[in-house]
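Everything below concerns the one structure shown next.
Every read-out reported here was derived from the displayed coordinates using simple, explicitly stated rules and does not represent laboratory data. As the structure is a prediction and not an experimental result, all values here were calculated from the model. Every residue, glycine as well, gets a Cβ built from its backbone with ideal geometry; the counts of neighbours run over all protein chains shown.
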Amino acid sequence: MSGLRPVIVGAGPAGIRAAERLVAAGLRPTVVDEAARWGGQIYRQPPDGGFTRPKSALYGFEAGKADAVHQAMAAIRDRVDYKPRTLAWNCEDRALDLLGDGVSETLPFSHLILATGATDRVLPFPGWTLPGVFTLGGSQVALKFQGCAVGRRVAFLGTGPLLYLVAYQYLKAGVAVAGVFDTAPFDGQLRAAPGMLRDPATLAKGLLFVGWLRAHGVPIHNNVRPLRAEGTERVEALVWSRNGREERTVCDAVAFGLNLRSETQLADLAGCRFRFNEMDRAWLPERDAAGRSSVPGVYIAGDGGGIAGADAAELAGERAALALLEDAGLPVEADRVAVLDRRLARVAAFRRALSAAFPFPEDWASSIADDTMVCRCEGVSAGILRAVATSGQAREINRAKALTRAGMGRCQGRMCGAATTELLARALNAGPGDVGRLRAQPPIKPLPVAAGRPSDEAAS
């Protein structure tokens, strides 16, 4: 086993459970984590020193799961090489390029588990660039990691389970919730309920979130479309419509997101083959049921290969680690493999029902006004993107990127990629899978110009 150099990118539920399984097999994996403390986005830990809110307040019903994940990593901390505050910004030739604490290094690997997680998927609307407009994930980070709210009276907009979870967390923290504005129709959620009974515990939690919000006077509106966020120096109101009727809700912040999108840049740079996933409306790295990608020795675990949630990420992380061990010629427990495969299959069935309950609003892209900013980094509007499509100059997203610079900025398309795809597809009367995918480019996130490399002595 001395020749094995397994590396895990990501220290959320998937990465931690993968590390735990590899350690149990006698390996010493390296765990690369952008955060200062393990837990990932869903179980993000507050900073050290003076932060006193208990886990029950931070994570609600998931406090027990969060604590179990945190404790699992703590138990193996001295048997892994843990690299917090470290960005993996490139992957090629069986090695990762890292940046940690201002210093760059190259980390070779024999096997690689990518547990890179997900981030918010958003579509623009007028006023979305105003101060006070946050993604759902960003507003959750503020609450968990910084111990503050994004506003005093917050409107929650979009669709998906995270919409109700974050609204519930804000209300529990004592923040006024101006309303929950769900783009999904309520009758669709009713029709999907029988399928969600495959995971009654998760369904029950979702119903409790909704019930808690309603019991505390929070209005919940379905089948909503945002018209604009109003304000001068910051958000003052959200203007929205339902069934053609315009409404205005006073608020000083808006948190919004349309489910999540997988972080796949490192998988792309590692050479993994991609396939368009209709349910996620995104190009995802191909993987088998165990997490094996098309590149031998590279595994995808958790939301980085398709959105399924924290519980599924724990299962998938362990399953990917077992696949790694099997591929390395080490013994694995067949009974445990069978258990994980059955549980992951049930999760997949529940995920299909969840997708039906919270569908992507396909008509949103058509309603985006031409003067609405889409790519904030490069200042590209919806009209510019439509023009290059309808003129025949760009029928593919990378061509549109070359012509307009959409997706070339600091976020590398994380914020604007989904919107650009949907706009091009609508303009070309095509599906989102027909306009291609943004190719990843290193560095996948901005690097400081002053980033150095370790000395020869430190690297030896």
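Okay, here's what the table says:
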read-out: J(HN,Hα) series, segment 245-260, from Karplus relation 6.51 cos²θ - 1.76 cosθ + 1.60, nearest Hz, glycine and proline x; value: 9, 8, 10, 10, 10, 6, 7, 10, 7, 10, 10, 9, x, 10, 6, 10
read-out: On Cα atoms only, tilt of 161-172 relative to the major axis of the chain in degrees; value: 80
read-out: Relative contact order [Cα under 8 Å, 6+ residues apart], the chain, whole percent; value: 18
read-out: In degrees, nearest ten, helix 63-76 long axis to first principal axis of the chain (Cα); value: 30
read-out: Under Karplus coefficients 6.51, -1.76 and 1.60, residue-wise ³J(HN,Hα) of segment 224-237 in Hz, glycine/proline x; value: 9, 10, x, 9, 5, 9, 9, x, 10, 7, 7, 4, 10, 6
read-out: Kirkwood Rh, Cα atoms: Rg over Rh of the chain; value: 0.96
read-out: Cleavage-rule hits (trypsin sites (Lys or Arg not before Pro)) in segment 218-310: DSSP loop, at most 15 neighbouring Cβ within 10 angstrom; value: Arg234, Arg273
read-out: Inter-label distance for Gln393 and Glu233, nm, one decimal - labels placed 7 Å from Cα along Cα-to-Cβ; value: 3.9
read-out: Segment 147-154 - phi-based ³J(HN,Hα) in whole Hz, Karplus 6.51/-1.76/1.60, Gly and Pro as x; value: x, 9, 9, 7, x, 8, 9, 10
read-out: Of Lys83/Lys401; Lys65/Lys172; Lys55/Lys83, those spanning more than 29 Å from alpha-carbon to alpha-carbon; value: Lys83/Lys401
read-out: Ranked packing of 379-391, 302-314, most packed first, by mean Cβ within 10 Å; value: 302-314, 379-391
read-out: Counting DSSP beta bridges with both ends in the chain, the antiparallel % (nearest 5); value: 50
read-out: Modelled FRET efficiency - R0 22 Å, Ala430 with Asp370, Cβ distances, 0.05 increments; value: 0.70
read-out: Overall form of segment 339-460 per C-alpha gyration tensor (a/c, 1.5; a/b vs b/c); value: oblate
read-out: 10 Å binning of all Cα-Cα separations within segment 332-394, expressed as whole percents from 0 upward; value: 17, 25, 16, 19, 16, 8
read-out: Coordinate range along principal axes, alpha carbons of segment 143-286, Å, largest first; value: 47, 40, 37
read-out: Helix 13-24 vs. the chain, principal-axis angle (Cα, 0 to 90°, nearest 10); value: 10
read-out: Taking segment 399-440 and dividing mean pair separation by its residue count, relative contact order in percent (alpha carbons under 8 Å, at least six apart); value: 27
read-out: Per the chain, cysteines lacking a partner by the 4.7 Å Cβ criterion; value: Cys91, Cys148, Cys251, Cys272, Cys377, Cys411
read-out: Nearest-0.05 FRET efficiency for Val250 and Asp288, computed from C-beta distance (R0 60 Å); value: 0.75
